[in-house]
Amino acid sequence: MPKHWKWYVYIIECKDHLYYTGITWNIEKRIEQHKSGFGSKFTANHGFHKLRYTEDFTDFQQARNREHQLKDFSRKKKEALFFER
């Protein structure tokens, strides 16, 4: 039986209040990477503050499409997501 992956699209708030949007199959490990400064150049430069939002998908392409959609959202629209849940 094939293993089914769960994909996560997430938004991190950085220490300087900028937002970083990413995708991963292991959210716990990825957040630890961001916290340690090795997750991405962006979060290494801006510092991890907290995980603000996650969505999970069973299909990689759907997750990738949602990541691109969220990256195009305005700050105001991203912040609205945080308070919807």
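Miscellaneous remarks
- Residues of segment 41-74 that turn out to be closer than 22 Å to residue 16 by Cα and in contact with a strand residue (DSSP E or B) (Cβ under 7 Å, 6 or more places away or on another chain), as a count: 14
- Taken over segment 25-47, the criterion of being in a helix (DSSP H, G or I) and surrounded by 14 or more Cβ atoms within 10 Å (Cβ to Cβ) is satisfied by 27, 30, 31, 33, 34, 35, 42, 43, 44, 46.
- Test for residue 66: is it of a type in the set (Lys, Arg) and either without any contact (Cβ under 8 Å) to a residue 40 or more places away in the chain or not in a helix (DSSP H, G or I) (or both): no
- Condition check for residue 20: surrounded by 12 or more Cβ atoms within 10 Å (Cβ to Cβ), at negative phi and touching a helix residue (DSSP H, G or I) at 6+ places or on another chain (Cβ under 6 Å): yes
None of the figures in this text is laboratory data; all of them are computed from the coordinates on show. Just so it is clear, the structure is predicted and the values come from calculations on it, not from any experiment. Neighbour counts run over all protein chains shown; Cβ positions are idealised from the backbone, glycine included.
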